[in-house]
1. Might you check whether a residue that is part of a helix (DSSP H, G or I) and among the aromatic types (F, W, Y) occurs anywhere in the stretch 52-60?
2. Considering only the stretch 87-107, state which residues are of a type in the set (F, W, Y) and under 18 Å from R18 (Cβ atoms).
3. Among the residues of the stretch 1-44, write down those that are of a type in the set (S, T, N, Q), over 11 Å from T109 (Cα atoms) and not in a loop (DSSP other than H, G, I, E, B).
4. Across the stretch 1-22, what is the total count of residues that are in contact with a Lys or Arg (Cβ under 9 Å, 6 or more places away or on another chain), surrounded by fewer than 17 Cβ atoms within 10 Å (Cβ to Cβ) and either under 13 Å from L85 (Cα atoms) or not small (G, A, S) (or both)?
5. Limited to the stretch 59-76, what total is found for residues that are open to solvent by 50 Å² or more (accessible area, probe 1.4 Å), at pLDDT 95 or above and of a type in the set (A, V, I, L, M, F, W, C)?
6. Write out, first by first residue and then by second, each pair whose Cβ atoms fall under 8 Å of each other, whose residues are 6+ apart or on separate chains, and whose first residue, in the stretch 33-54, is open to solvent by less than 50 Å² (accessible area, probe 1.4 Å) while the second is part of a loop (DSSP other than H, G, I, E, B) and of a type in the set (V, I, T).
7. For V113, indicate whether it is part of a strand (DSSP E or B), at pLDDT 95 or above and of a type in the set (A, V, I, L, M, F, W, C).
8. For the stretch 77-99, check the following and say yes or no: at least one residue is open to solvent by 30 Å² or more (accessible area, probe 1.4 Å), part of a strand (DSSP E or B) and without any contact (Cβ under 8 Å) to a residue 40 or more places away in the chain.
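The values are calculated or read from the model by the stated rules, or taken from the named source; none is laboratory data. Quantities reported herein were computed from a predicted structural model and do not represent experimental measurements. Positions of Cβ are generated from backbone atoms using ideal geometry, with glycine treated the same way; all protein chains shown enter the neighbour counts. All accessible areas refer to the heavy atoms of the entire protein, side chains included, with ligands and DNA or RNA removed. Shrake-Rupley method; radii C 1.70, N 1.55, O 1.52, S 1.80 Å.
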Amino acid sequence: VQLVESGGGLVQAGGSLRLSCAASGSTFSINVMGWYRQVPGKQRELVAAFTSGGGSTDYAASVKGRFTISRDNAKNTMYLQMNSLKPEDTAVYYCNARSGLFNYWGQGTQVTVSS
């Protein structure tokens, strides 16, 4: 499974961005997908994810109500719509996919929110 993120950039506080994650390869084997983020010196943290089976979603408390995870199965693409962005949302955002015991990551995309 290969994952490629896009859509990051620089935005002012209060603005919006939409991240995309295009999956390729053995996508049929994926059972969980989500978005994580990481800032230097800190652990990577879950932002939003589809739970196993894809029936529901989970969000970090800090982004609930502002971010929305979605996907287009026909395009093998997952999205993260980020609204009302805050400077503390600044991080590298990573796409993640899990397939059984395997864990896949994209290369990351930088999101910078200026105050």
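1. The first filter runs over the stretch 52-60 and keeps only residues part of a helix (DSSP H, G or I), leaving none.
Scanning the stretch 52-60, I find no residue that is part of a helix (DSSP H, G or I) and among the aromatic types (F, W, Y), so the answer is no.
2. Of the stretch 87-107, the ones of a type in the set (F, W, Y) are 93-94, 102, 104-105.
Those that are of a type in the set (F, W, Y) and under 18 Å from R18 (Cβ atoms): Y93, Y94.
3. Within the stretch 1-44, the first condition is being of a type in the set (S, T, N, Q), and the residues that meet it are 2, 6, 12, 16, 20, 24, 26-27, 29, 31, 38, 43.
Cutting the leftovers down to over 11 Å from T109 (Cα atoms) gives us 2, 12, 16, 24, 26-27, 29, 31, 43.
Scanning the stretch 1-44 gives Q2, Q12, S24, T27, S29.
4. Residues meeting the conditions: 2.
5. 1
6. Here the result reads V39/T90; V47/V63; A48/V63, each pair linking the stretch 33-54 to a residue that is part of a loop (DSSP other than H, G, I, E, B) and of a type in the set (V, I, T).
7. Numbers: part of a strand (DSSP E or B): yes; at pLDDT 95 or above: yes; of a type in the set (A, V, I, L, M, F, W, C): yes.
It is true that V113 is part of a strand (DSSP E or B), at pLDDT 95 or above and of a type in the set (A, V, I, L, M, F, W, C).
8. No - not one qualifying residue is present in the stretch 77-99.
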